[in-house]
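Enquirer: Sharing a structure with you now.
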């Protein structure tokens with residue numbers, strides 16, 4: 001399972017992914033992307049995936065080449081759809 005962004009029923013965006021060691025399904029708030037964490041199942045230390053966030057930002061920046069403000073507005077629209 002590749003890391004992916006998911007919008008919860010409460011409206012918050014989270015990252016869903018698996019522990020690279022034991023394969024346990026993990027969920028972290030989007031704000032934790034790039035931060036250190038520990039798998040509750042096998043106690044392995046890891047960094048919460050942030051590649052997904054960087055890819056989304058990169059896609060929107062390329063799509064809205066007329067300026068950063070357009071990219072930011074596009075990202076906001078994307079997060080509202082997730």
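Enquirer: State which residue pairs qualify: first residue at positive phi and at pLDDT 85 or above and inside the stretch 3-28, second residue assigned to a loop (DSSP other than H, G, I, E, B) and exposed (fewer than 15 other Cβ atoms within 10 Å of the Cβ) in any location, beta carbons under 7 Å apart, and separation of 6 or more residues or different chains.
Expert: Within 7 Å, no pair qualifies.
Enquirer: Another one. From the set of residues in the stretch 29-69 that are in contact with a strand residue (DSSP E or B) (Cβ under 8 Å, 6 or more places away or on another chain) and modelled with pLDDT under 65, which is farthest from residue 5 (Cα to Cα)?
Expert: If we take residues in the stretch 29-69 being in contact with a strand residue (DSSP E or B) (Cβ under 8 Å, 6 or more places away or on another chain) and modelled with pLDDT under 65, then 56 is farthest from residue 5 (Cα to Cα).
The values are calculated or read from the model by the stated rules, or taken from the named source; none is laboratory data. Every value quoted in this text rests on a predicted model; they were computed, and no experiment measured them. Neighbour counts are summed over all protein chains in view; Cβ atoms, including those assigned to glycine, are modelled from backbone coordinates with ideal geometry.
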